[in-house]
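To keep things clear, I will list the structure first and then write my remarks on it.
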Amino acid sequence: HREEIRQIAFTRQGNLISVAADADLMVWDIANGNPTLIIEGRHFLSRSFCLSPDEQQIIAHSPPGNLKYWDLMDGNCSRVLNLNIHPLFISPDGKVFSKDSHTIHVWDIKRAQKIASFSGDTDFVAIAYDSKGKLLVASDPGGNLYFLKLEEPINLVKPWMIDPVLPV
């Protein structure tokens with residue numbers, strides 16, 4: 001990369017994926033340190049991404065409000081959805097979790113629609129989900145954790161908050 005690297009991720013096969021401030025995306029062969037795929041920023045136009053559950057595609061937000069699916073084998077854009085969301089995570093069952101300042105959204109990408117939201121009184125800093133995609137946790141700037149139990153049907157999102165106990 002020629003600029004600051006903004007996001008990195010490992011695949012289960014051991015490849016490293018990175019995207020830089022210039023929006024260049026690179027897939028690296030860790031064994032020899034060489035890139036196996038480069039998608040130039042003028043095409044990729046994103047500084048963040050998430051991997052599809054099968055790790056065959058990268059899903060990225062691209063201006064002016066699209067989600068683009070990029071194939072990791074050939075670097076081609078295979079699908080474009082007119083959704084102005086910044087995906088943070090994609091669960092094993094294909095649901096995408098995104099956030100804006102006070103709200104976490106759950107998206108069904110196959111149907112291209114929002115299926116649930118959780119709004120809080122504070123900004124959400126980070127979110128993560130468990131390996132089965134059934135529990136979501138979000139943090140706020142005050143050190144609180146918010147747990148969202150994702151039950152079927154998905155619109156039954158139940159939040160609860162745990163105040164951290166810090167050692168004295």
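The values are calculated or read from the model by the stated rules, or taken from the named source; none is laboratory data. The structure displayed is predicted, hence computed values, not measured ones. As a convention, Cβ positions derive from the backbone with ideal geometry for all residues, glycine included, and neighbour counts pool all protein chains shown. Areas reflect the complete protein model, heavy atoms only, side chains present, ligands, DNA and RNA absent. Shrake-Rupley method; radii C 1.70, N 1.55, O 1.52, S 1.80 Å.
Based on the alpha-carbon gyration tensor of segment 75-145 and its eigenvalue square roots a ≥ b ≥ c, which shape applies: rounded if a/c is under 1.5, prolate if not and a/b is larger than b/c, or oblate? All intermediate terms of the calculation are to be shown ahead of the outcome.
Working: a/c = 2.07, a/b = 1.69, b/c = 1.23.
Prolate is the answer for segment 75-145, as a/c is 1.5 or above and a/b outweighs b/c.
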Segment residue 100-residue 147, length gained on full extension (0.36 nm per residue, minus Cα span):
15.2 nm
Can you list the aspartates and glutamates whose alpha carbon is less than 12 Å from that of residue 110, not counting same-chain residues fewer than 8 positions off?
93
Amide H neighbours of residue 100 under 5 Å, counting only residues 5+ apart in sequence or on other chains, H built in-plane at 1.01 Å?
105
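Given a Förster distance of 41 Å, report the FRET efficiency between residue 31 and residue 122 from their Cβ-Cβ distance, rounded to the nearest 0.05.
Values: r = 44 Å, r/R0 = 1.07.
It comes to 0.40.
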What figure in square angstrom, to the nearest 10, would you give for the accessible area of residue 149 with a 1.4 Å probe?
90 Å²
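Mind scanning 68/132; 114/134; 68/134 and naming the pairs with a C-alpha gap bigger than 22 Å? Write down the numbers at each step before the final one.
Working: 68/132 24 Å; 114/134 17 Å; 68/134 25 Å.
Distance filter (> 22 Å) returns 68/132; 68/134.
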